[in-house]
1. Quote the FRET efficiency, to the nearest 0.05, computed for GLU100 versus ASP132 with a Förster distance R0 of 25 Å and r equal to the Cβ-Cβ distance.
2. Which ³J(HN,Hα) values, rounded to whole Hz and listed in residue order, are derived for the stretch 145-158 from phi using the Karplus coefficients 6.51, -1.76 and 1.60 in 6.51 cos²θ - 1.76 cosθ + 1.60 with θ = phi - 60°, glycine and proline given as x?
3. Would you list SER291, SER269, SER178, SER242 from fewest to most Cβ contacts within 10 Å?
4. Taking 0.36 nm per residue of sequence separation and subtracting the Cα-Cα distance, how much length would be gained by fully extending the chain between TYR257 and TRP161, in nm to one decimal?
5. List the pairs from LYS59/LYS302; LYS169/LYS303; LYS102/LYS130; LYS166/LYS304; LYS166/LYS298 whose alpha-carbon separation is above 19 Å, in the order I gave them.
6. Between LYS303 and ALA279, how high is the FRET efficiency from 1/(1 + (r/R0)^6) when r is the Cβ-Cβ distance and R₀ = 22 Å? Nearest 0.05.
7. How would you classify the stretch 95-157 from its alpha-carbon gyration tensor, with a ≥ b ≥ c the square roots of the eigenvalues: rounded for a/c under 1.5, else prolate if a/b is greater than b/c, otherwise oblate?
8. Loop only per DSSP, at most 14 neighbouring Cβ atoms within 10 Å: give me the GluC sites (Glu not before Pro) in the stretch 171-231, ordered by residue number.
Amino acid sequence: ENCPLCGDVKLMSVGVGTQRLEAEIAKLFPEHPLHRLDRDVTDTLGGSRKVLEDLASGKITIDDAEKELRALALTRIGDIGLIDTNRQERSGVPEVVFAENKDTEGLVQIVQALVERNNAVLLTRMNQEKLDGIEKAHPKFVFESKGSKDHLTVFVHSKAWSDPQKDGKIAILTAGTSDVVYAREAEAIARLMGVEVITFYDVGIAGIHRLIDPIQKIVEEDVDAVVVFAGMEGALPTVVASLIDAPVIGVPVPTGYGHGGKGETALASMLQSCAPGLAVVNIGNGLGAGSVAALIAKRCAKKKQ
């Protein structure tokens, strides 16, 4: 592994009373610097604030603060990647692993690094074969997966993980059951961000009466944002946006076939919507839609406090 401070070989000691060990390590690796950190830089949640507080109080220097903030921000995974472990603290949205084009060996390393740093990680577009390999490599981690065998959304966490406090609330609707695998991404990222989620699946306009109860529930629950998934003609987001006063995020789903299939007509239909209050993401981007909805909800909750 490489040091998150300088990118060189990782030779790090944490805490006090380790001078003898440091001296022995320095003899073995004289060509590499030894970084000594006075706190656990792997504690990213709230870590930046602690560094800034120590800097303001004079406990550490500007140079020390810069090194520790850099250590909080990134983790190098061998020679395959650089993980943004501090993303949630900085942007509100945690680092998420897109698993579709990654091999099992690389995913095993990434999962280990992120769970060790943040206690949890979310993986999208995972298949069952890769998931089996990761579970075998990390038997002590807890795995929660939803979706189909070729399109899984997987939440991995340590046994020390606990759900964050819920701030804000969103609703997720799908037009059909084929859309649910994409909705799982939005559901998972919102919950990881600490937002309550209520779901209504298979409520498309082909049976418009199915939408009555969900709309009533959305109004009663006073949700902060709504994410609506639809394939085929993609009309459901427009209908929902015309009935409620919360922002609606439409997600065209690559269901459907023939001319304009695979989400193309759904995307065009949502972009041409005459209902104000509807924003649209790219085809199948459940993660992006869920992230935006959760950010809206958390900002609303913050203003209500």
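Every read-out reported here was derived from the displayed coordinates using simple, explicitly stated rules and does not represent laboratory data. Everything numeric in this text was worked out from a predicted model, so none of it was measured. Methodologically, a virtual Cβ is constructed for each residue, glycine included, from the backbone with ideal geometry; neighbour enumeration extends over all protein chains shown.
1. Working: r = 16 Å, r/R0 = 0.65.
The computed FRET efficiency comes out at 0.95.
2. 10, 9, x, 9, 5, 9, 8, 9, 9, 10, 10, 10, 8, 7
3. Values: SER291 25, SER269 21, SER178 17, SER242 14.
Fewest-to-most ranking of SER291, SER269, SER178, SER242: SER242, SER178, SER269, SER291.
4. Details: separation 96, 0.36 × 96 = 34.56 nm, distance 4.21 nm.
Result: 30.4 nm gained on full extension.
5. Among LYS59/LYS302; LYS169/LYS303; LYS102/LYS130; LYS166/LYS304; LYS166/LYS298, the Cα-Cα distance tops 19 Å for LYS59/LYS302.
6. Numbers: r = 20 Å, r/R0 = 0.90.
Efficiency, rounded to the nearest 0.05: 0.65.
7. Verdict is rounded for the stretch 95-157.
8. Numbers: sites: GLU185, GLU187, GLU196, GLU220, GLU221; in loops: none.
Sites meeting the loop and neighbour criteria: none at all.
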